[in-house]
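**Q** One structure, pasted below without further comment.
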Amino acid sequence: MNINDLKSNDEIAWCPGCGDFGILNACKKALVAIDRQPKDILFVSGIGQAAKLPHYIRCNCFNGLHGRALPAAVGAKIANHNLTVIVTTGDGDCYGEGGNHLLHNIRRNVDITVIVCNNQIYGLTKGQASPTTDLGYETKVQVDGVILEPLHPLEMAIALGCGFVARGYSADSEHLSWLITEGIKHKGFSLIDVLQPCVSFNKKNTYEWYAKRVYKVNADASYNPQDKAAAYQKAAEWGERIPIGLIYRQEKKTYEDRRGLNESNLLIDEDIKDMDIRKELGEFF
Amino acid sequence: MDEGITIKIAGQAGQGIQTIGAALCNIFKRSGLHIFASQDYMSRIRGGNNFFQLRVSGKPISTLRQKSDITAALDKESVQLHRNDVASGGIIVFDKAKFNFSGQDNLLFDVPFYSLANAIGESDIFINSVCCGAVAGLARINPDYLELVIRDLFAEKDEEIISKNVKAAQAGYNFARDNFKDDKFKVAPAPAGKNLLMNGNDAIALGAIRAGCKFYSAYPMSPSTGIMNVVAHYANRFNIIVEQAEDEIAAINMVIGASFAGARSMTATSGGGLALMVEGLSLAAMTETPVVVVDAQRPAPATGFPTRTEQADLNFLIHAGHGEFAKVIYAPGTIQEAFYLTVKAFNIAEKYQIPVLIMTDQHLADSLQDIEGFDLNKAGVRRFIISKEDSKKISGYKRYQLTDSGISPRAIPSWIEDVIYADSDEHNEEGHITEEAQMRIQMVKKRFYRKMAGLAQETEKPTVYNAEKAQTLLLGFGSTYGVLKETCEVLGKDFGFVHLSQVWPFPSLELSPLLKNKKNVLTVENNAGSQLAGLLMRETGIKANRSILRYDGRPFNPDYLIEQIKAEQIK
């Protein structure tokens, strides 16, 4: 497969300069790298600018409800675990509206890859604070600045035992595509939080702001992503320096392993024409 | 009403009332008798007052009576709570010594549950078996069945425990037989039946398995949880995945995801959980993804009565889901209907690519009844997807291709070479987001008008009883079927009924000719708002004369309904 096979005919509705373009390109590169056919790849999304991404790539797409991409993705993966399932979501969709699903799907550990386009602001609703907006940031609603502590998704994911926790930067598409490739290859739930400037509504966390701060954590050969305590410290780093890269990784049993899904037919391949329940009815005698 | 007896076992939660009740159901069923049983339980794990009511008859029955002939009271409070519901000539079986009761009370038949239990097993835990035996003794049931059922019930325990329970049951049986000389509770034995014993939840679970449900996700909520338990019990045999969701929103969205991927999928909940699923129903409609959703109703608003019954979600379900789209709501009246309509729900959901709801309530969900088996030939799976084989021939696939029927051929991801786009936003035929006005009109017609037109051909016909000759027609839906039937049988030729097991699309065409020119049309509803009467008016212009309502969280029974009809001076 080459990158042209992934070209969608749908017209892109993002603002010029949106960080989502870099994420889209990184997704395409990663899919070329893993070399699966578009028919075997499913993108699932909720609502927000990030959720439109699946339309701009030629793979299967289920664009569902705000906050509910994860359960839909997990349902699809359980029904057909041969699909490579990727969720594209945002800081509002995944960390706000769908927060409960994030918690429990990290626990569930179904083999899906979740890419959170984290621009630290609500774009589609025009500029309100998101769960990751920095303290003090003023918006039309948070007129005196944000007073809620920002959610720390990477720390949270590590604490919950997520087996693959990474942070990318949308302007570094090459690095991000490596993270997405690794996330897809990782067996189990992979969370990739992507720093993404919003050119329309986030006047603080801009390209310039990030360019001064981000550094690649894996460039340091001594950094061990399997060291949970070190990973937790790294995940908490936010200010003058912001680490990107594979922060934490731990192989663990997936939902599919624990369910023994690989030992039986795909649910969608079961012949259901004539389910014989006579024995079961007999048990009600 | 017919001969036969009504038995009540009353006591605190945790005293084993349900175990005794279930054992008695089995004993009577094996004796060739028909039974209908329901549990009245409080939302607590210990204490309170719960009861299990069991009606036994030589004829098939599908409803309870108001009053009981035999009431076994396992604590003192039960004697007071239930004495007003003792039938004329009825008794309360009670251990006077245990509860230090020395007064005179003609209703009481003293059975020393505790001393009999301790004499055999040196433990109070055997009182359940003693009680079970005592009731069987009063009904003069063949004691062989008693031993058989007790052995079955404790099959997983050691032989010592089993034989002590058998002896305890026999002691109760002998005591009742020897000390209660009157044969008035004797029920005529019949040839041992082959009937099955199950409740509405069991029937729905079995229907789902029969229909090829492969993915079930739900959040536990009374009174729907029994469905999940039964599906889970058989899940490994049938390669079904049962996933307990973190909340009802997750449940329905997982189900939609699994269904989109190609597995027949289902969820069940009660009103409060359904409230959380409502956005999901509209997602299923918009993305044209088949789902089956059960609402086992309980009294609301909010938490309401978690373990009791009501039919007040009718309007809610009809309107559940923002926007306009086609859906179907079944309201099975019997355990058989619960089974067949579950299979139909899966077929119709897949054919029309819509959400289909099954509305039950605690009364149908939890009531045990003996039924003849199911005719599996009438519960066949019909598939409406592009088969794996045919998928190879597809190219240029459009998920939402416009058709006269409103139904677009549904392909399964990865079976076809093309990719599939599904969207909750308004979309074009390819499934990409659009805001184009003409496309919007086409898509609304597709999801709403055209599918509704198709569904008009699929209506589940109302059940009709003596509708032509009757002056007064009772109209009900869902779990009241048995009550309507027995009430009309008792009231005679001037009364008939029409029962709806499909409430949406409303069966106006079928209903109007039946109700026209009737002297009285009375809706019978387990709610306070005459919701069915309102729906009837809105959909057919026919005004019901009156509604007989019950909204105390308890099910109707024929005695109650007849009393209400008489009080209204309806003839």
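The values are calculated or read from the model by the stated rules, or taken from the named source; none is laboratory data. Note that this is a predicted model, so its numbers are computed, not measured. Don't worry about glycine lacking a Cβ; one is built from the backbone with ideal geometry, like all the others, and counts go over all protein chains shown.
**Q** Give just the number: which of (1) facing another protein chain (nearest Cβ under 9 Å); (2) in contact (Cβ under 8 Å) with a residue 12 or more places away in the chain does A:N100 not satisfy?
**A** (2)
**Q** Follow-up question, since we're still on this one. Would you please name the residue that is nearest to the other protein chains (Cβ to nearest Cβ), looking only at residues in segment B:368-406 that are buried (at least 18 other Cβ atoms within 10 Å of the Cβ) and not aliphatic (A, V, I, L, M)?
**A** B:F374
**Q** Look through B:F28, B:F52 and report the one residue that is part of a helix (DSSP H, G or I) and under 21 Å from B:L197 (Cα atoms).
**A** B:F28
**Q** Suppose we filter B:G476, B:G482, B:G431 for residues that are crowded, with 18+ Cβ neighbours inside 10 Å and at positive phi; which single one remains?
**A** Going through B:G476, B:G482, B:G431 in turn, just one is crowded, with 18+ Cβ neighbours inside 10 Å and at positive phi: B:G431.
**Q** Can I ask one more? Any chance segment B:306-320 includes a residue that's at pLDDT 95 or above, outside any helix (DSSP H, G or I) and of a type in the set (F, W, Y)?
**A** There is no residue in segment B:306-320 that is at pLDDT 95 or above, outside any helix (DSSP H, G or I) and of a type in the set (F, W, Y).
**Q** Of A:K252, A:K273, which residue is within 14 Å of chain B (Cβ to nearest Cβ) and loosely packed, with under 15 Cβ neighbours inside 10 Å?
**A** The unique qualifying residue is A:K273.
**Q** Residue by residue through segment B:407-437, note down the ones that are within 7 Å of chain A (Cβ to nearest Cβ) and outside any loop (DSSP other than H, G, I, E, B).
**A** Within segment B:407-437, B:Y421, B:A422, B:D423, B:I433 meet the criteria.
A quick yes/no check of all residues on (1) out of contact with any Ser or Thr (no Cβ under 8 Å at 6 or more places or on another chain); (2) buried (at least 24 other Cβ atoms within 10 Å of the Cβ):
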| residue | (1), (2) |
| --- | --- |
| B:P290 | no, yes |
| B:A296 | no, yes |
| B:F305 | no, no |
| B:L314 | yes, yes |
| B:G333 | no, yes |
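**Q** Considering segment B:32-74 alone, what residues qualify as being surrounded by fewer than 20 Cβ atoms within 10 Å (Cβ to Cβ) and either within 19 Å of the chain's Cα centre (by Cα) or in the same structural domain as B:K485 (by TED's automatic domain parsing) (or both)?
**A** Matches in segment B:32-74: B:M42, B:S43, B:P60.
Rundown of residues vs (1) polar (S, T, N, Q); (2) at pLDDT 95 or above; (3) touching a His at 6+ places or on another chain (Cβ under 6 Å); (4) surrounded by fewer than 16 Cβ atoms within 10 Å (Cβ to Cβ), yes/no style:
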| position | (1), (2), (3), (4) |
| --- | --- |
| B:S123 | yes, no, no, yes |
| B:C132 | no, yes, no, no |
| B:Y145 | no, no, no, no |
| B:D152 | no, no, no, yes |
| B:K157 | no, no, no, yes |
| B:E160 | no, no, no, yes |
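**Q** Looking at the structure I just gave you, is A:V114 away from every other protein chain (no Cβ under 13 Å) and closer than 13 Å to A:S190 by Cβ?
**A** Here the answer is yes, as A:V114 does meet what is asked.
**Q** Restricted to segment B:196-234, and to residues that are in a loop (DSSP other than H, G, I, E, B) and more than 8 Å from chain A (Cβ to nearest Cβ), which residue is farthest from B:I252 (Cα to Cα)?
**A** The qualifying residue farthest from B:I252 (Cα to Cα) is B:N199.
**Q** I've got another one for you. Quick check on my filter: what residues within segment A:64-84 are over 20 Å from A:E263 (Cβ atoms), more than 7 Å from chain B (Cβ to nearest Cβ) and either in contact with a His (Cβ under 9 Å, 6 or more places away or on another chain) or buried (at least 24 other Cβ atoms within 10 Å of the Cβ) (or both)?
**A** Residues satisfying the conditions are A:G67, A:A69, A:L70.
**Q** For residues that are in contact with a strand residue (DSSP E or B) (Cβ under 8 Å, 6 or more places away or on another chain) and surrounded by fewer than 18 Cβ atoms within 10 Å (Cβ to Cβ), tally how many sit in segment A:117-127.
**A** The total comes to 0.
**Q** Regarding B:Q244, is this residue touching a helix residue (DSSP H, G or I) at 6+ places or on another chain (Cβ under 9 Å), more than 13 Å from chain A (Cβ to nearest Cβ) and not aromatic (F, W, Y)?
**A** no
**Q** Working carefully through the options B:S387, B:S395, B:S408, B:S391, find the one that is touching a residue at least 60 places away in the same chain (Cβ under 8 Å) and of a type in the set (S, T, Y).
**A** Step by step, each of B:S387, B:S395, B:S408, B:S391 is checked, and only B:S408 is touching a residue at least 60 places away in the same chain (Cβ under 8 Å) and of a type in the set (S, T, Y).
**Q** Here is a follow-up. Report yes if B:V166 is crowded, with 17+ Cβ neighbours inside 10 Å, within 13 Å of chain A (Cβ to nearest Cβ) and assigned to a helix (DSSP H, G or I), otherwise no.
**A** no
**Q** So B:E77 clears everything in (1) in a helix (DSSP H, G or I); (2) surrounded by 18 or more Cβ atoms within 10 Å (Cβ to Cβ); (3) touching a strand residue (DSSP E or B) at 6+ places or on another chain (Cβ under 8 Å) except one condition, right? Which one?
**A** (2)
**Q** With the checklist (1) closer than 30 Å to B:T434 by Cα; (2) more than 14 Å from chain A (Cβ to nearest Cβ); (3) out of contact with any helix residue (DSSP H, G or I) (no Cβ under 6 Å at 6 or more places or on another chain) in hand, flag the one item B:Q362 doesn't pass.
**A** B:Q362 satisfies every listed condition except (1).
**Q** Residues of segment B:279-301 being touching a Gly at 6+ places or on another chain (Cβ under 9 Å), β-branched (V, I, T) and away from chain A (no Cβ under 11 Å), which ones?
**A** B:V293
**Q** Restricting attention to segment B:242-280, which residues are closer than 21 Å to B:I385 by Cβ, touching an Asp or Glu at 6+ places or on another chain (Cβ under 9 Å) and not in a helix (DSSP H, G or I)?
**A** B:G262, B:A263, B:R264, B:T267 - these are the residues of segment B:242-280 that are closer than 21 Å to B:I385 by Cβ, touching an Asp or Glu at 6+ places or on another chain (Cβ under 9 Å) and not in a helix (DSSP H, G or I).
**Q** Test each condition in (1) at pLDDT 95 or above; (2) surrounded by fewer than 19 Cβ atoms within 10 Å (Cβ to Cβ); (3) aromatic (F, W, Y) for B:F101 and report the one that comes out false.
**A** (1)
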